[in-house]
Structures are given as structure tokens and as C-alpha cells.
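The structure appears below as C-alpha cells.
The values are calculated or read from the model by the stated rules, or taken from the named source; none is laboratory data. Fair warning: this is a prediction, and the values are worked out from it, not measured in the lab. Note that we place each Cβ from the backbone using ideal geometry, even for glycine, and neighbour counts take in every protein chain shown.
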Amino acid sequence: MNVRLLGLGEIPPALAEAVLAALPRPFAGGEVASLPASFEHCYDRTRAQVDAACLIEHVPGPEPGWSNLALTGADLFMPALTYVFGISHLGGRRGIVSWFRLHPEAEDAATQMRFLRRITTEAVHELGHGLGLVHCVVPDCAMHRSLWPEGVDLKRPEYCPACLTSLEERCR
Amino acid sequence: MTAPVRILVVDDEPHVRNSLAAWFREDGYDVSVAESGRDALATLAREGTNILLVDIKMPGMDGLELQRKVRELAPDATVIIMTAYASVETAVQALKEGAYDYIVKPFDPEAVSRLVRKAAERYSLLAENRALRERLADASPALVTSGSPAMARVIELVDQVAPTDTNVLITGESGTGKELVAHLMHARSTRRFGPFVVENCGALAEGVLESELFGHERGAFTGAVGRHRGKLEMADEGTLFLDEIGDVPSRVQVDLLRVLQERTLKRVGGNETIRVDFRLVTATHRDLEAEVAAGRFRDDFFFRINVFQIALPPLRERTEDIPALAEHFLARFATQMNRRIAGFAPGAMDALLAYPWPGNVRELANAIERAMVLCRGDRIEASHFPFGAPPVAADRSLVAVEAAHIRQVLAACSFNVAQAARELDIDRVTLYNKMKKYGIERP
């Protein structure tokens, strides 16, 4: 399975390349591209956030053997929820990850490493949903539900053996 | 595997109900949506929803009215009210009328996830309790309301040992209700909200049994395509019931003994040490002490599982329970088969009392089910039972009637020849001679 990382708005090129390089099995490789779509009409002025359910409709459907994942710095919400880190079409091989709320407090080198790890972990998480995985009870599996940034730090940017087995069967 | 919890999101705003549905599907819930109260009731009737997230302000039927109707249709369903800030007072009203909780839009993701997880756990507990109640209600005539001193003693022992974590061995012939006693013990223990996991050790080959009990890792053996949790792991915080423990091979006995001593295990083909905390109840129809003496069962394992023993009496030793049991099974099968049968003809009950019941309560249940299938009138007759019609119907000779009568009396006395001779008002030698003449042997 290959991954196309799509920049939604401005995205540091090194960031996307680093996430792509860190993706675990069963993802073999992929490419980085940008998504020219404007998401002005998905922006909610009263909440000062972007509607993730609206935005994901602008992520193109992937070709066979690919998953499309958009990366954005916008603050995402879903209509009933105050915020989300990302969104996916379950089994639809497309999703979005926002790094808006994943930033650590400080700006030193160590926290930058942690920031990159968080984005990678959430990218692995949304890619798993895109391939049909639901949340996992294993606390350090990437598919475990995280509801706050520090919760993401408790996970690894990898799948537990059960999720990986399930993914590999889905990729066949 | 248990069925996923079913959630129904009821909201007239499509983006709210659809985004919530997507959110909960990622948790593995089975989620449906409804745009109105009427639509929700139709879905509830069709799918049997467990948890409803209901918007309080909807055109037509509002959330409060929907909640009242849900209470009538599905009292076990959990209703969570969704409200905007302005309608919190109405949400409080919903709580007074039995809603589980309310949550204000837009929801904090952590709060809504925690709330629904708690509701799902509550649903699982309710379902477990209901299953246990049904199981015990079904078993109650056989176990709880039995009038015989022997069964009263069994129930007393269960009550004494249930609150402890002591290993219990239940002995008794096939069909005496060993699993039901184990279940009763679980239901009356502090582990009753944990799982009750059953494994019949007599039905499986050694390798399969080992894998069933201890689980295996992927690739542990040919055909192990994925990780498999064993029954010992699944029983964590609950009760593990191992039936036919006398059939467990010696090597597996050693492995089980180690788990009982160390409270940890490793799956077949795995290196990870897993902690387990379960209460062990075992059962057998064999004489394990004789098996130990003969070297066919490990003594160290026997001593470990036989801390507290409960012996279930065979049905022939508690014939006073037969009428109550027979009436219970008659009522149960009448409901299942939608039949109206008034009861047993006098000869039928005599036949039930006379028969020795080698298959015990299970055989009695089967005999009554069969009789109800054959019965065309409003009463069960003796001729409807598989152990035969009264011999007078087939052969009216004095010899045949005498042989049948002797058989009946012997069965009623559990083949105690001295007691049967007294009943028949003849001496024992005469009875032995007649038994020999008619070919009557102890079953």
C-alpha cells in the first residue's frame, strides 16, 4: 500500500517528507503533493475553525493500491464536537490530519521531535481508519483513541500485532 | 464474541447526526441515524438499539416525548440527551424522567466518548445480569426450589463457598446439573460481574485443548493464522468452569497446575507473561480419587482442584423432586411449543417415579419433551414415555404384569433388593428368584 501525503494550505516540505519516511508496515512508500483546493467555505467564522466533514470531501479518492492523506495546520472540528485531530472515511482510504492541536508548549529540539512523532502517529491512525480499522484497546497501538495531545505521546506510530494482521489482510 | 453495542443518533440536523455516527463507528460501535422521533422509533423496533443519543429540540416529536416512548418500548435502552445551552433545563427534566445523562453541544470529544463508553459498559452489565437471571430462573426448579434434603444441602454448600475464591470440584453423574451449579456459584460470588467461561475438556484433542485453554500466538503451529486468547485469559476477573476435568491429559494438568500456582501464563508459541485472576470450578463424572490411585490422574493437580467438593446426587436418590421437576419441564415445553397440556395422568407420574433415570435430570427433560410431541390429548400418559407403555397394554398375562410390577418397585427403590422385597411383601430370596426368572438386572 502506497501513501500520497497531500498538503492542504502551507505545509513545511520537510514535515511531510519526515512523516512519509516514518510510516510503518504495511505502507511501502509514497509521495508528497499539494492540494490546490480552497477551504474557505468550510471555515466556520463563529467557531474560528474548519469543518473537517466538509474538508474531507475535497480530498480526492485514491487509485487502487494507494491511500490519500491530507495534512493541514487548520484547527478542525466536527459539527457536534469541539475539535478533532483528524478525520477519515472508514474504509475509504482517504483522510485528514491536523497538527494545530499537536504542537507541544515549548519550541526546543526535543519538543520538535515529539511534535513530529505526534503527527506521524496520528497519520498512521487515520491511514488505519482509511483501511477500515476501528479503535484498538491496546494502549500503545496507533489505533488507540487519543483525545488530547499528551495522549498521543502514549502511543507508538505503529500498529499492534492484531491491527497489523488485520491491515495486511485488508491490503491483500 | 459478543455483538457490538448498537447506538442510534437522533437529530434533525444531518451534519450533527452524521458526524457523530462517523465518530462512534471508529470505536467499533454499530451506529444508525434517525432524523426524527418517528424515524427513531421505527429504527428501534427494527434493530433493537441499546443506546440512543437524542436531540432534545426536534420538530414534531421532541426529545422528551421520544424518551417516554422509548421507555415503554425498550425499558433497557439507555437514553442520552443532547442539548444546546439554552435547553439545559429541559435536559434536567429528561433526567428526572429516566434519561441516563445529558451533554451540551458542541461536545468535548473526551466527554462524549467517556459518556458513551460508560453507557456501553452499563448496557453490557445489564445484558449479563439478564442472561444470568434467565439462566438461573430456568435452573431454579432443578436447583433452588427442590424439596429434597440432598439438594438443599447442595445449595447450602454453594452459598457457603460462593463468596470465597476457593477452587471447587463438582462431582456427579452425567445430567445432574453440574454446570448449572457452577453457574449458580458464579452468580452468587463477588466475581458475578466478571465473565463465566466454560470449557468442556472431554470433547477436545490434547493439542486443541491446550490452545483453547492457554491461547496461541500467530504462527505457533500450522493453521495458527492469528493471535488467539485462551479461555484462561478470557476468564480474567471471573469464573473458569472446566467440565470433564477427569479427561484432561497429564501434560495439560501440569500446565494448569503451574497457572494455579503462579497466576500467570504464556500463550502457546509466545514469550509474553500474562497475569490472570480467575476462580476455578471443575466438574467430573469420574471417581477422581480412584483415577489418582490408578495413576491415571496427577495427585498434585487433584489436591489443588479438590479444595472444596460438592457431590450432586443422582435423580434416583431424590425421587421426591421428580413431580416438581416434571411440572417445571411440562410448563417450559408448553410455552416453547405453544401447547396447552393440563398435566400428567396418574399412571404417567407413577411411571416417572418408577423409572431409574440413568441420564438424570437431562433425561427427564428429554423424556417430557418427547412425550409432549407425542401427546394428542390434554394429559401426558405413561405410554408417551420412551421407557415404554405399561406392559399390561401389550401383554395382559399374569406373568407379564408381575414382571413389570417387580421392575417398577425395584426402580422406585433404586434397586435396593431388601427394600423392594419389603414393599412387595415377599422375602429377598423369592425376589432374587423372580428377578432371575424374568431376567431383571440392576441398570
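Of the residues that sit in the range A:46-84 and are away from every other protein chain (no Cβ under 14 Å) and in contact with a helix residue (DSSP H, G or I) (Cβ under 7 Å, 6 or more places away or on another chain), which one is surrounded by the most Cβ atoms within 10 Å (Cβ to Cβ)? Give the derivation first.
Applying the first criterion (away from every other protein chain (no Cβ under 14 Å)) to the range A:46-84 yields A:58-74.
Next, from what is left, pick out any that are in contact with a helix residue (DSSP H, G or I) (Cβ under 7 Å, 6 or more places away or on another chain): A:67, A:69, A:71.
On the way: A:SER67: 24, A:LEU69: 28, A:LEU71: 26.
Residue satisfying both the conditions and the ranking: A:LEU69.
Among the residues of the range A:70-78, is there at least one that is modelled with pLDDT under 90 and touching a strand residue (DSSP E or B) at 6+ places or on another chain (Cβ under 8 Å)? The answer is no; no qualifying residue exists.
Of the strands (runs of 3 or more DSSP E) lying entirely inside the range B:1-86, those containing at least 3 residues that are farther than 18 Å from B:ALA99 by Cα span B:30-34.
Out of all the residues in the range B:230-258, which are among the hydrophobic types (A, V, I, L, M, F, W, C), in contact (Cβ under 8 Å) with a residue 40 or more places away in the chain and closer than 25 Å to B:HIS183 by Cα? Talk me through it step by step, then tell me what you get.
Just the residues of the range B:230-258 that are among the hydrophobic types (A, V, I, L, M, F, W, C), to begin with: B:232, B:234-235, B:240-242, B:245, B:248, B:252, B:254, B:256-257.
With the extra rule that they be in contact (Cβ under 8 Å) with a residue 40 or more places away in the chain, the set shrinks to B:232, B:235, B:240-242, B:245, B:248, B:252, B:254, B:256-257.
Across the range B:230-258, the qualifying residues are B:LEU232, B:ALA235, B:LEU240, B:PHE241, B:LEU242, B:ILE245, B:VAL248, B:VAL252, B:LEU256, B:LEU257.
From the list A:ALA123, A:ALA142, which one is small (Gly, Ala, Ser), buried (at least 18 other Cβ atoms within 10 Å of the Cβ) and more than 14 Å from every other protein chain (Cβ to nearest Cβ)? Steps first, answer last, please.
Numbers: A:ALA142 fails: more than 14 Å from every other protein chain (Cβ to nearest Cβ).
Going through A:ALA123, A:ALA142 in turn, the sole match is A:ALA123.
Residue count for the range B:225-266, restricted to those that are away from chain A (no Cβ under 14 Å) and outside any helix (DSSP H, G or I): 16. Of all the numbered requirements in (1) in contact with a Leu (Cβ under 7 Å, 6 or more places away or on another chain); (2) more than 30 Å from B:ARG229 (Cα to Cα); (3) exposed (fewer than 15 other Cβ atoms within 10 Å of the Cβ), B:ASP300 misses one, and that requirement is (2).
Filtered by the rule that a residue be at pLDDT 90 or above and surrounded by fewer than 18 Cβ atoms within 10 Å (Cβ to Cβ), the range B:65-79 gives B:GLU65, B:ARG68, B:LYS69.
Scan the range B:200-207 and give yes if some residue there is in the same structural domain as B:PHE308 (by TED's automatic domain parsing) and either more than 24 Å from B:SER250 (Cβ to Cβ) or assigned to a strand (DSSP E or B) (or both), otherwise no.
Step one: of the range B:200-207, the residues in the same structural domain as B:PHE308 (by TED's automatic domain parsing) are B:200-207.
Adding the requirement that they be either more than 24 Å from B:SER250 (Cβ to Cβ) or assigned to a strand (DSSP E or B) (or both) leaves B:200.
Yes, the range B:200-207 contains at least one residue that is in the same structural domain as B:PHE308 (by TED's automatic domain parsing) and either more than 24 Å from B:SER250 (Cβ to Cβ) or assigned to a strand (DSSP E or B) (or both).
Residues that are more than 10 Å from the chain's Cα centre (by Cα), under 24 Å from A:CYS171 (Cα atoms) and not hydroxyl-bearing (Ser, Thr, Tyr) number at least 1 in the following strands (runs of 3 or more DSSP E) confined to the range A:59-145: A:66-72.
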